[in-house]
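Asks: My questions all concern the structure below.
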Amino acid sequence: MAHYDIKTHKGSFHIRRATLSDVQDIVGLLRDDRLGQNRESAQWATYESAFYDIDGDPRHFLAVVEDEAARIVGTMQLTLIPGLSRGGSTRLQIEAVRITSSTRGTGLGTAMITWAHDYGRAHVASLVQLTTDKSRDDAIRFYTSLGYVASHEGLKLSLER
């Protein structure tokens, strides 16, 4: 399995494709914030099924980030979206970016997003996009500091019954 090395001022980290055995740690990262506490499920089967859907589609890269002790300290999902707009360009969608509270402030988030941009370029994406909840003021400041611009208004509609 390929590992991609990233460095921060606090150490080295490795990014790799997630495996099924990583899903519990990933869900733990998703639950470890005020919004995730209430929206993540206790139904393991739904996460396992979702993992197989993601892993089985080559346009998705579900990443885990490990520290030097091989502990999972971060995750993000990258999706390549082909389109007809913008001259038939491909977009890179970044979703579910999370890092452990113990690694916040180390530069890991910046290193992860920089790596994701390089991944997108390597896969001929001409645009990167992401969403974050409007109540995540720290995340919005972080992405803005990396050059992201709130150029569109995002809308959502729940399809759950």
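The values are calculated or read from the model by the stated rules, or taken from the named source; none is laboratory data. As the structure is a computational prediction, the values presented were derived from the model and not from experiment. Note that each Cβ is placed from the backbone with ideal geometry, even for glycine, and that neighbours are counted across all protein chains shown. Protein only, heavy atoms only, side chains kept; ligands, DNA and RNA dropped before computing areas. Shrake-Rupley method; radii C 1.70, N 1.55, O 1.52, S 1.80 Å.
Asks: Between LYS7 and GLU153, what is the spin-label point distance in nm, taking each point 7 Å from the Cα along the Cα→C-beta axis?
Replies: Using points 7 Å along Cα→Cβ, the separation is 4.6 nm.
Asks: Tell me, how many Å apart are the Cα centres for region 1-53 and for region 106-161?
Replies: For region 1-53 versus region 106-161, the Cα centre distance is 17 Å.
Asks: Another question about this same structure. Which option, [x] 0.94; [y] 0.97; [z] 1.10, is the value of Rg/Rh (Cα atoms, Kirkwood Rh) that was calculated from these coordinates?
Replies: [x]
Asks: So what's the back-of-envelope 222 nm ellipticity for the chain, counting only DSSP H runs of four-plus at -39500 (n - 2.57) apiece and dividing by all residues, rounded to 500? Walk me through the numbers on the way to the answer.
Replies: Working: 6 runs with 53 residues, N = 161.
Computed mean residue ellipticity for the chain: -9000 deg cm²/dmol.
Asks: Determine the relative contact order of the chain: mean sequence separation of Cα pairs under 8 Å and six or more apart, normalised by residue count, in whole percent.
Replies: Numbers: 203 pairs, mean separation 29.7, N = 161.
Reported as a whole number, the value is 18 percent.
Asks: Once you've got the GNM for the chain with C-alpha springs shorter than 10 Å, pick whichever of ASP53, ASP67, ASP138 has the biggest mean-square fluctuation.
Replies: Most flexible of the set in this elastic network: ASP138.
Asks: When ligands, DNA and RNA are left out and all protein chains stay put, how many square angstrom of accessible area per residue does the chain have with a 1.4 Å probe?
Replies: Values: 10170 Å² over 161 residues.
Each residue of the chain exposes 63 Å² on average to a 1.4 Å probe.
Asks: While we're looking at this one, here's another question. When the chain is treated as a GNM, springs tying every alpha-carbon pair under 10 Å, which of SER12, SER41, SER102 comes out with the largest mean-square fluctuation?
Replies: Comparing SER12, SER41, SER102 in the GNM, the peak value goes to SER102.
Asks: Another one. Can you tell me the dipole magnitude for region 36-161 around its Cα centre, using point charges on the Cβ only (Lys, Arg +1; Asp, Glu -1), in Debye to the nearest 20?
Replies: Numbers: 13 positive and 15 negative charges, 89 e Å.
Dipole about the Cα centre, nearest 20: 420 debye.
Asks: In whole percent, how big is the carbon plus sulfur part of the accessible area of the chain, probe 1.4 Å, protein atoms only?
Replies: Details: 5300 of 10170 Å².
Summing carbon and sulfur atoms, their accessible area is 52 percent of the total for the chain.
Asks: Among ALA69, VAL23, ILE81, whose Cα lies farthest out toward the positive end of the dipole of region 22-81, if unit charges sit on the beta carbon of Lys, Arg (+1) and Asp, Glu (-1)?
Replies: ILE81
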